[in-house]
Amino acid sequence: MEQTDVQGLLLRVLEVLHKSGALSPVEDSKVIEFHQPQDLEEILSDFSLNESCSESRLLELVEQTAKLSVRTGHPMFFNQLYGGVDKYGLVGALVSEALNTSAYTHEVAPVFSLSEREVIKASLKLVNFKDGDGIFSPGGSISNMYGIVVSRYKKFPNVKQTGLFSLPPLVLFTSQESHYSITKGAHWLGLGTDNVVKVKCDDRGRMIPSELESAIARASSEGKVPLMVNCTAGSTVLGAFDPLEEVAEICQRLGIWMHVDACWGGTLLLSAKHRNRLAGIEKADSVSWNPHKMLGAPLQCSLFLLKHGELLKLCNMAGATYLFQKDKMYDPSYDSGDKSVQCGRKVDSFKLWTLWKARGNLGLGALVDHAIDMSIYFLEKIKGRPGFKPVLAEYETTNICFWYVPPRLRDQPETEEWWEQIHKVGPTMKKKFTEEGVLLLGYQPLEYRELKNFFRMVVTCHPPRSKEQMDRVVELFEKYGSE
Ligand code: ABU
């Protein structure tokens, strides 16, 4: 097998990526070349690992991979709570991948231990936690689970040794609109999904504080211990922001840990114009934030931040002596590994550091403001336009949710049968958009509100969208939804 040195190989890979258009997709290219999984297996004929291949064949397969993968940086990608990658973030990701190390000790990750500290320091400043601490985790679900674990440790420090066996049932409170990771966390951490109370929301998807208070009182009267309230700052579907100030008042008065899942909406903290949407976050005990979502840091980039600096290490440390020796030649507080539940840990801090360093707070704030302007432009454009029916009357955040009513269903009474027809519009139009490769945009029902399938258009910072692109989405709906 012929061998190229690593530099030559990487340059060829970059060339392949560039030629395929994957690095900066343009509007008249396809956002996806969709194939059914079985057909894709046929197209990638020698994907099987039964036989090895030459370097040049490997590069052909890489080229095919680039061609057949979703262009998340395409102007018509609106499908998830993430989009294209920030170029400076990508630089950081490439460098940290190439240097291949684990983020547990300063010894093996000297610069990266500093980038982690620096990014955590800047993030703590964003949420205004004065003596806090934080850790990078493999995603928002895990960051939310950190909140549960640390809140439990704070209330019952012995839980680390004795487990849950001597404890009363612990209860988590989270809104009906919140992310499913709280329920998963309750299962994983032994609290049980029955001990997650879903607090009622208002018509904009925000937790209702009086409902929270009643739910807490109910749990206490049943002999259960209210452990943590999870607030959402930017919910997954509607983009709703819970009223943090009011929830903080309840949590402080009743001595309950307040966690804010700001995985999606936390990026608004970078905007001087929009950061007030998270007013009260500084009163929380902990926060999760995913810069890989709205901000465009390379996946995965998720932070768990907490106000009570000392707790993270106390809660998670196991003191493995082969990594965290007490007689090191440097200050061991630079070893972040024992604050984490992981041992081996990807260097996720550096890609956020490069992105933040290159753009600065003002540059990042401008990107956020622009994403918000574009999503408001889109919402205003579809309001009152024939066929478009927004789910929320008012703007929440850059997820714009709407039904599309094809001409044949317009001006009709909204009966159950009519809604059943509307329910089918989501999958039908998505199939057309995807098969043609013109637009990638998600749909979902919202069961707790008995809402039939609606579209969710998500605007992120990358690529920065233009009004013309927003107009194009409207045109595509009108074209593909005409029959
Ligand atoms: N963690 C929620 C992200 C899923 C989505 O992109 O909708």
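Since every read-out is calculated from the coordinates, none of them should be taken as a lab result. On a predicted model such as this, the values are computed, not experimentally measured, just so you know. Reconstructed Cβ throughout: ideal geometry from the backbone, glycine too, with neighbour counts over all protein chains shown.
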>> Starting from 0.36 nm per residue, how many nanometres of slack lie between Lys381 and Glu475 once their C-alpha separation is accounted for?
In response: 32.7 nm
> Given the pairs Lys381/Lys467; Lys125/Lys351; Lys30/Lys389; Lys326/Lys351; Lys155/Lys313; Lys67/Lys87, which span a C-alpha to C-alpha distance of over 22 angstrom in this model?
Replying inline: Lys30/Lys389; Lys326/Lys351
>> Sequence gap at least 6, Cα distance under 8 Å: using those rules, report the relative contact order of the chain to the nearest whole percent.
In response: 20 percent
>> If you take every residue apart from Lys383 with its C-beta less than 11 Å away from the C-beta of Lys383, what net charge results, scoring Lys and Arg +1 and Asp and Glu -1?
In response: +1
> Quick one: Cα centre-to-centre distance for region 102-123 and region 20-83, in angstrom?
Replying inline: 33 Å
> Once label points are set 7 Å from the Cα along Cα→Cβ at both Gln421 and Leu164, what is their separation, rounded to one decimal in nm?
Replying inline: 4.8 nm
> For Val150, what is the net charge nearby, where nearby means another residue's Cβ is under 13 Å from its Cβ and Lys, Arg count +1, Asp, Glu -1?
Replying inline: +4
> Taking a temperature of 10 °C and a viscosity of 1.306 mPa s, what whole-number D in µm²/s does Stokes-Einstein yield for region 256-358 with Rh from Kirkwood over alpha carbon pairs?
Replying inline: 102 µm²/s
> In the structure shown, do any of Lys160/Lys273; Lys154/Lys328; Lys200/Lys357 have a Cα-Cα gap over 31 Å, and if so which?
Replying inline: Lys160/Lys273; Lys200/Lys357
>> Please state the shape class of region 120-260: rounded when a/c is under 1.5, otherwise prolate if a/b exceeds b/c and oblate if not, all from the C-alpha gyration tensor.
In response: rounded
>> With 39 Å as the cut-off, how large is the P(r) tail for the chain, expressed as percent of Cα-Cα pairs?
In response: 29 percent
>> Placing +1 on the Cβ of each Lys and Arg and -1 on the Cβ of each Asp and Glu in region 94-152, which of Phe129, Tyr104, Leu114 has its Cα farthest towards the positive end of the resulting dipole?
In response: Phe129
>> Can you tell me the length gained on complete extension of the stretch Lys467 to Tyr334, counting 0.36 nm per residue apart and subtracting the Cα distance?
In response: 43.3 nm
> About its Cα centre, how strong a charge dipole does region 215-279 have in debye, to the nearest 20, once Lys and Arg get +1 and Asp and Glu get -1 at the Cβ?
Replying inline: 100 debye
>> If I take R0 = 30 Å and measure r between the Cβ atoms of Ser221 and Asp131 in this structure, what FRET efficiency does the formula 1/(1 + (r/R0)^6) give, to the nearest 0.05?
In response: 0.25
> When DSSP beta bridges are limited to those with both residues in the chain, what percentage is antiparallel, rounded to the nearest 5?
Replying inline: 55 percent
> Given a Förster radius of 56 Å and the C-beta distance between Ala320 and Tyr395 as r, what FRET efficiency does 1/(1 + (r/R0)^6) yield to the nearest 0.05?
Replying inline: 0.70
> Is it possible to state the helix-based mean residue ellipticity at 222 nm for the chain, with each DSSP H run of 4+ residues giving -39500 (n - 2.57), the sum divided by total residues, to the nearest 500 deg cm²/dmol? What is it?
Replying inline: -13000 deg cm²/dmol
>> At a threshold of 8 angstrom on Cα-Cα distance, excluding pairs fewer than six apart, so keeping six or more, what relative contact order does region 6-71 reach in percent?
In response: 55 percent
> Just how large is the dipole of region 6-71 about the Cα centre, in debye to the nearest 20, putting +1 at every Lys and Arg Cβ and -1 at every Asp and Glu Cβ?
Replying inline: 280 debye
> Want the number for Val91 to Gln342: 0.36 nm per residue separation, take away the alpha-carbon distance, what's left?
Replying inline: 87.9 nm
